[in-house]
Amino acid sequence: MQKLLLVLAGTALGITAAAAPATAQGRGWEDPQCSLNTSHFLVNGALLYLRNAARTRFPDQRTRDLHDAKNDLIQALQQNQTANPAVWYFLGRYYEVTNDVPGADSAYARAQQLAPECAADIQRHRRGIWVPIVNGGVSAMRAGNMDDALTRFRDANSVYRGDPSASFYMANIFGQKGQTDSAIAYYRSAIE
């Protein structure tokens, strides 16, 4: 069993996560790929602020637009828009852009619960958050910092479980540490 775990661990070092799909991070704005109700003035305002933040080349303007988008979304929630999936979706986008993984996870979960037809779009954004976290874990693993790698892989699994790589890498690390039970558990998780 130990030999198998070591062979698999060596194989894992040659695997890297694929590039993230285009998102609001880094290349401008991409409209939602599902139908959302943005007719409430605060929701529409937040959409415009997020779009502007993604398109501006001025960091101070981006910061202001992101701040205003979050304020509009919070106010929308305070004005009985809690059942509007657009509020939660755009909160997820805000948290995604500001690298708040738990916030994005929570907001996207609520958006998907309220608008299941947006599931594919939300999962694409979750994966966009996941890829750099997994790649950071792979870098930490290659540098020999296994504790940091495990933390990153756990964070990655918290936001997106549609790819087995993070669980596979954790299984390999636990196998290298001689923690066979944990390794087997994560291999099973990767298979599932």
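The values are calculated or read from the model by the stated rules, or taken from the named source; none is laboratory data. Quantities reported herein were computed from a predicted structural model and do not represent experimental measurements. Note that each Cβ is placed from the backbone with ideal geometry, even for glycine, and that neighbours are counted across all protein chains shown. All accessible areas refer to the heavy atoms of the entire protein, side chains included, with ligands and DNA or RNA removed. Shrake-Rupley method; radii C 1.70, N 1.55, O 1.52, S 1.80 Å.
Things to note:
- Heavy-atom surface analysis with a 1.4 Å probe gives the stretch 58-192 a carbon and sulfur content of 49 percent of its accessible area.
- Per residue, the average separation of C-alpha pairs within less than 8 Å and at least 6 apart gives the chain a relative contact order of 22 percent.
- Heavy-atom accessible surface of the chain, averaged per residue, reaches 50 Å², computed with a 1.4 Å probe.
- Modelled label reach - ALA120, point 7 Å along Cα→Cβ, the stretch 27-61 residues with backbone N closer than 11 Å: 33-34
- Rounded to the nearest whole Hz, the Karplus-based 3J(HN,Hα) values (6.51 cos²θ - 1.76 cosθ + 1.60, θ = phi - 60°) of the stretch 62-69 follow the sequence 4, 4, 5, 5, 5, 4, 5, 4, with x at glycine and proline.
- Computed over the stretch 32-132, the ratio Rg/Rh where both radii use C-alpha atoms and Rh is Kirkwood: 0.94
- Within the set (1) 1.05; (2) 1.12; (3) 1.17, the number that Cα Rg over 2.2 N^0.38 Å takes when calculated for this structure is listed as (3).
- When the chain is described by a simple charge dipole with +1 on each Lys and Arg Cβ and -1 on each Asp and Glu Cβ, the residue from ALA183, ALA109, THR63 located farthest towards its positive end is ALA183.
- Taking Cα atoms only, the orientation of helix 85-97 departs from the longest principal axis of the chain by about 60 degrees.
- Exposure of PHE168 as accessible area (Å², to 10), given a probe of 1.4 Å and all protein chains: 40
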